[in-house]
Amino acid sequence: MSEKIYVGVDLGGTTIKVGICDAEGNLKQTYEGPTKAEEGAEAGMERIAQYVRTIVEQSPYEWEQVAGVGAGMAGFLDIPKGFIKFSNNLDWHNVPAKEILEAKLGVPVAINNDANVAALGEAWGGAGRGYANCVCYTLGTGVGGGIIINGKVYEGFGGMAGELGHMAIVPDLEAINCNCGQKGCLETVSSATGIVRMAKDAVERGDRTSLALIEKITAKDVFDAGKAGDEVALRIINRAAYYLGRSMASIAVVVNPQRFIIGGGVSKAGDILFEPIREIFKKYTPEHAQTGVDIVPASLGNDAGVVGAAGLTLR
Ligand code: ZN
């Protein structure tokens, strides 16, 4: 009865996923329902509260055991105030989420952005379990990230810490524009979008590659072609891996994490991606900053968001 539980909310554009974790970050129960974001923020907040109450009712735990509720979402947030300034995928503006949910639920509530939350999830209950200092990359449509220092998400001034995808790392002569308004960001080469773009460029240039036979190239097609020995595909994969490895070499001498964790769809490629990343990291990182440091795949998959959100209120 005295055991504390933590409830995490992964607030997505179409689905709200809710989970209960114990104090060690083990995911005990999940529940999900539609977001219906188009009905507005007020209805959305009520729906979140409803799902949280429902999951606790359906679990073997009592409401009194709930130590806090955390929510992760995409968008521009005032994290300390728990305020959603603007969320693109929900189309919600100026929502005092923490205040509303605390009033509805009567327990402490915290919010944070989805990349930070996924990082915290991996650090608490996933591949970073037992590691107080780790840095997580999420390789998907973009490149997200999160920095865990002494077991906590490091947010920085203005909440912009951990935006690893926007490290300007590609030299000017090869740099292309990024969504963020800068150029040469890591995201332009190491995200699924970046990998597909490089593949299309190669095909258009007339490079000899099996990718030319594919109508709508995906990042997975590039990795599959690489695994089959396609040299153009391998060159693209190595370029994506090169900049990831270089970025980690920089992070290693700034933050000195013990573990780099890579998640997101692109990370499913496995060794063909991880091996060159490790090689580059080893090559460009000073000995003292790489000893005892490893680079591993994330282990929670889609659950990282809900686990990390639950961890937001952990003391
Ligand atoms: Zn950028």
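The values are calculated or read from the model by the stated rules, or taken from the named source; none is laboratory data. Keep in mind that this is a model prediction, so the values were computed, not measured. Using ideal geometry, Cβ is built from the backbone for each residue, glycine included, and neighbour counts are taken over all protein chains shown. Note: accessible area is taken over every heavy atom of the protein model, side chains too, but ligands, DNA and RNA are not part of it. Shrake-Rupley method; radii C 1.70, N 1.55, O 1.52, S 1.80 Å.
Quick check on the chain: helices-only [θ] at 222 nm, where DSSP H runs of length 4 and up contribute -39,500 (n - 2.57) each and the sum goes over total residues. Nearest 500, please.
Values: 10 runs with 116 residues, N = 315.
So the helix-based figure for the chain works out to -11500 deg cm²/dmol.
Put a dot 7 Å past each Cα toward the Cβ at Glu275 and Gln50; how far apart are the dots in nm?
So the label points at Gln50 and Glu275 sit 5.2 nm apart.
Test of understanding: what is the full-extension gain from Ile149 to Lys283, defined as 0.36 nm times their sequence separation minus their Cα-Cα distance? Walk me through the numbers on the way to the answer.
Numbers: separation 134, 0.36 × 134 = 48.24 nm, distance 2.48 nm.
Extra length from Ile149 to Lys283 when fully extended: 45.8 nm.
So how many Å³ per residue does the convex hull of the Cα atoms of the chain work out to?
On the way: hull volume 43.5 nm³, N = 315.
In the chain, the Cα hull volume divided by residue count equals 138 Å³.
What do you get for the angle between helix 192-205 and the principal long axis of the chain? Use alpha-carbon atoms, 0 to 90 degrees, nearest ten.
20
Rounded to the nearest Å, what's the spacing between the alpha carbon centres of segment 236-315 and segment 56-131? Just the number, please.
24
Eight or more residues apart or on different chains, and alpha-carbon atoms under 18 Å: count the Lys pairs in segment 129-299 matching that. Intermediate values should be presented prior to the final figure.
Values: Lys200/Lys216; Lys200/Lys220; Lys220/Lys268; Lys227/Lys268.
Counting lysine pairs in segment 129-299 gives 4.
Projecting each Cα onto the charge dipole of the chain (Lys/Arg +1, Asp/Glu -1 at the beta carbon, about the Cα centre), which of Leu77, Pro108, Tyr137 comes out farthest on the positive side?
Projecting each Cα onto the dipole axis, the largest value belongs to Tyr137.
In square nanometres, what is the average projected area of the Cα convex hull of segment 129-299? Please report the intermediate quantities before stating the final value.
Working: hull surface 40.9 nm².
With the hull built on Cα positions only, its mean projection is 10.2 nm².
Pairs of lysine in segment 1-121 with Cα under 26 Å and at least 8 positions apart or on different chains: total?
Step by step, the pairs that qualify in segment 1-121 add up to 22.
Assigning unit charges at the beta carbon (Lys, Arg +1; Asp, Glu -1) and nothing else, what dipole magnitude in debye, to the nearest 20, does the chain show about its Cα centre? Let's see the in-between values first.
Values: 29 positive and 37 negative charges, 104 e Å.
Roughly 500 debye, rounded to the nearest 20.
Counting only GluC sites (Glu not before Pro) that sit in a DSSP loop (anything but H, G, I, E, B) with at most 11 other Cβ atoms within 10 Å, what is the longest stretch of the chain containing none of them? Display every interim value, and only then the final one.
Working: sites that count: Glu3, Glu24, Glu215.
Result, exposed sites excluded: 25-214.
Would you kindly derive the ³J(HN,Hα) couplings of segment 48-54 from the backbone phi angles with the Karplus curve 6.51 cos²θ - 1.76 cosθ + 1.60 (θ = phi - 60°), listing them in order in whole Hz, with x for Gly and Pro?
4, 4, 4, 5, 5, 4, 4
For segment 129-299, with all protein chains present and a 1.4 Å probe, just round the carbon and sulfur fraction of the accessible area to a whole percent.
Heavy-atom surface of segment 129-299 belonging to carbon and sulfur, 1.4 Å probe: 52 percent.
If you stretched the chain out fully between Thr30 and Ser210, how much longer would it get, using 0.36 nm times the residue separation minus the C-alpha to C-alpha distance? Provide the component values of the computation, followed by the final result.
Details: separation 180, 0.36 × 180 = 64.80 nm, distance 4.20 nm.
Full extension from Thr30 to Ser210 adds 60.6 nm.
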